[in-house]
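To start, the structure under review is shown below, and the notes come after it.
The values are calculated or read from the model by the stated rules, or taken from the named source; none is laboratory data. Predicted, not measured: the structure shown is a model, and the values here were computed from it. Note: ideal-geometry Cβ built from the backbone for every residue, glycine included; neighbour counts use all protein chains shown.
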Amino acid sequence: MKKTTFVIGNWKLNPSSLTDAVKLTAEVTKKYKADEQTVVAVAPGYLHIADVTKKIGRKAIAVAAQDVATEPMGPFTGEVSALQLRDLKVSFVIIGHSERRAMGETDEIVQKKIQVALKYNLIPVICIGEKDRDAKGDFYSFVEKQIKAIASVLTAAQIKKVVIAYEPIWAIGTGKTATAADVKEMQLFLFSTLTKLYDRPTAAKVPLLYGGSVKKENALELHKDGGMDGFLVGGASLKADDFISIINATKR
Ligand code: PGA
């Protein structure tokens, strides 16, 4: 049986108006043809989540949040909680994106966010990835450390409920994509690391995504030869036609 593929659009701090967010949702919703093997989600900004969800209506597109508070409720000014996201029918939450790690988010904070998300039935999409690549391959130990930090708080039953997105920082928003061979090597590394930490059947149940300058022009090759289970897409998810082309590339 064909494995499930995930394509998640991370809108980041875009677009600048609710009208444009709803318009983008309408275009994606109209053009997207759902099938059982593909999970598609969009991650608008918090303020746009309710209207985007309403616009999607009954169409099979899930909504993701771009972050979540470490606490479910209480005196935490400016935070948005897992409980509030569930209440708005959000299904996924991106955790530990490099842009948040650059603002000071540590592995400990990432661990807490993963736990709170799982507790309230949100699917964590946990981002990992190195800042730079070195010829010696030290970036593999960096990624391994991130995976171990995640695994240290998750049982085998729990790791099967998360999605891991490998997003090399040097490829995010830069137009520099990892080659399909780089992606394949990392997929094998992530799989073998998870196998060592858990076991093979458990590792096989964890969807692995690639993110970093995925475009309609490179999606087919990255998907075919990269061996991952889909993409986390930033910039290209802001154009409905491009996002749909990337989704379609994963179906071929
Ligand atoms: P990008 O962003 O596709 O614009 O490189 C990916 C991401 O940050 O999730």
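Some notes on this structure:
- Qualifying residue in the stretch 116-123 (condition: more than 30 Å from ALA240 (Cα to Cα), out of contact with any Asp or Glu (no Cβ under 7 Å at 6 or more places or on another chain) and either without any contact (Cβ under 8 Å) to a residue 40 or more places away in the chain or loosely packed, with under 15 Cβ neighbours inside 10 Å (or both)): yes
- Qualifying positions in the stretch 92-123 - more than 16 Å from the ligand (Cβ to nearest atom), farther than 20 Å from LYS160 by Cα and either in contact with a strand residue (DSSP E or B) (Cβ under 7 Å, 6 or more places away or on another chain) or assigned to a loop (DSSP other than H, G, I, E, B) (or both): GLY104, THR106
- Single residue of the stretch 1-34 satisfying the filter (basic (Lys, Arg), away from the ligand (no atom under 16 Å from the Cβ) and within 21 Å of the chain's Cα centre (by Cα)) that is farthest from ILE49 (Cα to Cα): LYS2
- Only listed residue being in contact with an Asp or Glu (Cβ under 7 Å, 6 or more places away or on another chain), surrounded by fewer than 19 Cβ atoms within 10 Å (Cβ to Cβ) and part of a loop (DSSP other than H, G, I, E, B), chosen from LYS3, LYS59, LYS33, LYS89: LYS3
- Any chance ALA165 is at pLDDT below 95 and surrounded by 23 or more Cβ atoms within 10 Å (Cβ to Cβ): no
- Comparison of LEU238, LEU190 shows that the only residue that is under 22 Å from ARG133 (Cα atoms) and within 17 Å of the chain's Cα centre (by Cα) is LEU190.
- Where helices (runs of 4 or more DSSP H) fall wholly inside the stretch 141-252, the ranges with 2 or more residues that are more than 26 Å from VAL52 (Cα to Cα), touching a residue at least 12 places away in the same chain (Cβ under 8 Å) and within 16 Å of the ligand (Cβ to nearest atom) are 180-197, 219-226.
- Residue check, GLY137 within 16 Å of the ligand (Cβ to nearest atom), more than 19 Å from VAL93 (Cβ to Cβ) and surrounded by fewer than 22 Cβ atoms within 10 Å (Cβ to Cβ): no
- Inclusion of GLN66 among residues that are farther than 15 Å from VAL233 by Cβ and polar (S, T, N, Q) is not warranted.
- Matching residues in the stretch 1-23 - criterion: being out of contact with any Gly (no Cβ under 9 Å at 6 or more places or on another chain), modelled with pLDDT of 95 or more and hydrophobic (A, V, I, L, M, F, W, C): LEU18, VAL22
- Output for the stretch 6-30, where each listed residue is outside any helix (DSSP H, G or I) and either surrounded by 14 or more Cβ atoms within 10 Å (Cβ to Cβ) or touching a residue at least 12 places away in the same chain (Cβ under 8 Å) (or both): PHE6, VAL7, ILE8, GLY9, ASN10, TRP11, LYS12, LEU13, ASN14, PRO15
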